[in-house]
Amino acid sequence: MVLGRAGLRLEAQKFVVYVGIPIVASVAYNEPSVQKWSADYFQFMKYPSNPKTNLKEEFEQLQKEREEQLVQEKRNRKGREEYLSQLKKLSLERGKGSGNSAEADGETVDQKRGWFRWWRWGRRSDPSVDSDNSSKSI
């Protein structure tokens, strides 16, 4: 049974799925945070404990480590909040000094366009250029 172009499209779609799924999975699961989470969650490197170990001491040690982690997270959160409040104050003071902060720093619109500027995505530098190009293409 020959399907012609429909068969070619089906084969192309299957090829994209067969090749795309492993690539997407590799990109998604090769993140260090995902690997750390999965190693901790599934306990890849934790072997059954020795029968001679004292489980109560081990449990207390794990509890103490967790409490220390919580205290450290609280300190980090407090420091982060202080840092953000300082940044807000500085940006407000900087905003009062000049009308436009981008012009004061000498930044151009191209530097603020984003990750995909090489794909020409993001804000345009001059909106009149867009309207000129759209009228020429019609």
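Remarks
- Sites ALA6 and TYR41, calculated FRET efficiency, Cβ-Cβ separation with R0 35 Å, nearest 0.05: 0.20
- Probing with 1.4 Å while keeping every protein chain in the model, the per residue accessible area of the stretch 21-85 equals 99 Å².
- Treating r as the C-beta distance of ASN54 and LYS74 and R0 as 41 Å, the FRET efficiency rounds to 0.85.
- If you plug the beta carbon distance of LEU87 and LEU62 into 1/(1 + (r/R0)^6) with R0 = 41 Å, you get a FRET efficiency near 0.65.
- Per-residue HN-Hα couplings for the stretch 82-87 [Karplus 6.51, -1.76, 1.60; θ = phi - 60°; Hz; x = Gly/Pro]: 4, 4, 5, 5, 5, 4
The values are calculated or read from the model by the stated rules, or taken from the named source; none is laboratory data. Predicted model only: the values in this text are computed from it and were never measured. No Cβ is skipped: glycine too gets one built from the backbone with ideal geometry, and neighbour counts run over all protein chains shown. Side chains included, ligands, DNA and RNA excluded: accessible areas come from the protein's heavy atoms. Shrake-Rupley method; radii C 1.70, N 1.55, O 1.52, S 1.80 Å.
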